[in-house]
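Read the structure below first, then the notes.
The values are calculated or read from the model by the stated rules, or taken from the named source; none is laboratory data. All values derive from a computational prediction rather than experimental measurement. Note that each Cβ is placed from the backbone with ideal geometry, even for glycine, and that neighbours are counted across all protein chains shown.
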Amino acid sequence: MGLGFVLRVSPETASHQRLLAHEMGHILLGHKFDTKYAFSDRMLFPDNQAFQRINIKHTPKEEADADTKAAELLQNSPYKDKLASPGLFLAALQQTAPQLPNLLTANMGTSIVAGASKSKKGEIAQGAAPGTLRMSTLQSSAPKLENADIKQIAALPLGGRIKMDPWTDRIEISKAKAVPLLSARDKMPFQITPIFPYLTRATTPAAAGASKN
């Protein structure tokens, strides 16, 4: 799971910093990927085999060390008093994990689920999901997850925060005012935002003028 997913479904900036702190932990600890993929002779395979041939990920120990370093960075950051938000986000994600195996595991790179991996056919390893989320210790600082509380927004629906133009690949953060919720079912964390088309009756200029007369 990458930053793009978190941007789409996280209601608070602190959750974005949690993910960035984890990646900064890898950099500060000097973790590197295998450079064999930088050579053209290692990339000679059909396009449809890319996910099976390219295996870019950190070792479990490196991931655990990066989690520890990320926790240290967050405790010394301006977000140290706002860690309840990412903890609540992780609690909601942990609860929904069994229904989101493909969002929590990566074809390339590292999954947010500790120990999760995919086979050469792209299938999730048996017993790997839902698994334990990385940096799950943040959940201890979060309030109890209340799914029935319309005032507690742990996670947004997919597409609830950013807008993407498929024609230009341009991504913008939505600045629209949040719609007040009337029911807990309207929260829809990690679900696809429904589309409500605004329809009007089409009229020709002549018909519009005749109606005025």
Selection count where residues are surrounded by 10 or more Cβ atoms within 10 Å (Cβ to Cβ), at pLDDT 75 or above and part of a loop (DSSP other than H, G, I, E, B), scope segment 168-202: 6
Residue satisfying condition, being closer than 26 Å to Q94 by Cα, modelled with pLDDT of 80 or more, surrounded by 11 or more Cβ atoms within 10 Å (Cβ to Cβ) and of a type in the set (D, E), within set E72, E12: E72
Test: residue in segment 30-51 that is out of contact with any His (no Cβ under 9 Å at 6 or more places or on another chain), touching a residue at least 24 places away in the same chain (Cβ under 8 Å) and not hydrophobic (A, V, I, L, M, F, W, C): no
